[in-house]
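A quick write-up on the structure given underneath.
The values are calculated or read from the model by the stated rules, or taken from the named source; none is laboratory data. Because the structure is predicted, anything quoted here is derived from the model rather than measured. For neighbour counting, all protein chains shown are included, and Cβ atoms are generated from backbone atoms with ideal geometry for every residue, glycine included. Quick note on the areas: whole protein, heavy atoms, side chains included, nothing else; ligands and nucleic acids left out. Shrake-Rupley method; radii C 1.70, N 1.55, O 1.52, S 1.80 Å.
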Amino acid sequence: MQHELVTLPDAAALASRAADIVAGLAHSSVADHGRFRFAVSGGHTPWAMFAELTEMDVPWSSTEIFQVDERVAPDGDAVRNLTHLHESLDRVPAQVVPMPVTDADLEAAAGAYAARLPDAFDVVHLGLGPDGHTASLVPGDPVLDVADRLVAVTDPYQGHRRMTLTFPGLARAAQVLWLIAGEDKRDALRKLLAGDRSIPAARVQGGRSTILADAAAAEGLGST
């Protein structure tokens, strides 16, 4: 997968540029096919992006927001990505499609969520962990080898099982937008750009790929 790397001074500038890109893609998607389908990962950087987006001209009533991944935890729990999504979007009429991680049968719930996914996402937002994970596709997890499902449930990671889009699920992205901040991501970012499949992130496939990285993460890598 070829990546366009854009280096920005800091996390605030990264969030602002991401918001500009997403707003533009939202308008073009709605003009082209009537909906904007956006899949979002967790983390602090997307919260900052949404804070900017909610102040912008975005076709929210035609926007569907899906989750890339989610921790198995109760509704309203602070560790849930959904909790922060609702907090970020409480003033706009976007439709949020939550992962059903409170269902008793998580495997069946993953299948049900997969059935709700669009044939293509207009944008999939991804982050990058220092260990090279993205979404909840972490090194060594059996989910990395799932090829016949769009959504799956992981082994425990940092105290929680996760529901996540698999590599086939992520491959439905017309545009992948990576937001990467912090010097602890520098080595993983180098491997991602090199296509080093020893890290899960480098196995992601999709349409176009744009990496927005702050100066700390991208030191010595330049920009395109």
Volume per residue that the Cα convex hull of segment 1-84 spans, once the total is divided by residue count, Å³: 128
Total charge dipole magnitude, the chain, about the Cα centre, Cβ charges on Lys, Arg, Asp, Glu only, Debye to nearest 20: 400
Protein accessible area in the chain, 1.4 Å probe - carbon and sulfur %: 50
Rg and Dmax [Cα atoms of segment 57-122; Å; Rg one decimal, Dmax integer]: 12.7, 40
Most to least accessible of 125, 44, 86, 3 (protein chains only, probe 1.4 Å): 44, 86, 3, 125
Spin-label pair residue 79/residue 4, simplified geometry with 7 Å Cα→Cβ offset, distance in nm: 3.8
Solvent-accessible surface (1.4 angstrom probe) belonging to residue 57, in square angstrom, nearest 10: 120
Share antiparallel - DSSP beta bridges, the chain, percent rounded to 5: 25
Mean projection area, nm², convex hull over Cα of segment 78-191: 8.2
Inter-site label distance for residue 90 and residue 20 at 7 Å from Cα along Cβ, in nm: 3.0
Over the chain: helical MRE at 222 nm, DSSP H runs n ≥ 4 each giving -39500 (n - 2.57), nearest 500: -8500 deg cm²/dmol
Overall Cα dimensions of segment 1-40 - principal axes, largest extent first, Å: 35, 25, 16
Normalised contact order of the chain, rounded percent, pairs of Cα under 8 Å and 6 or more residues apart: 26
Area accessible to solvent at residue 21, 1.4 Å probe radius, in Å²: 50
Solvent-accessible ranking of 33, 84, largest area first, probe 1.4 Å: 33, 84
Share of Cα-Cα pairs in segment 12-142 lying beyond 25 Å, as whole percent: 25
Per residue accessible area of the chain, 1.4 Å probe, in Å²: 42
Rg [Å, one decimal], Dmax [Å, integer] - the chain, C-alpha atoms: 16.2, 48
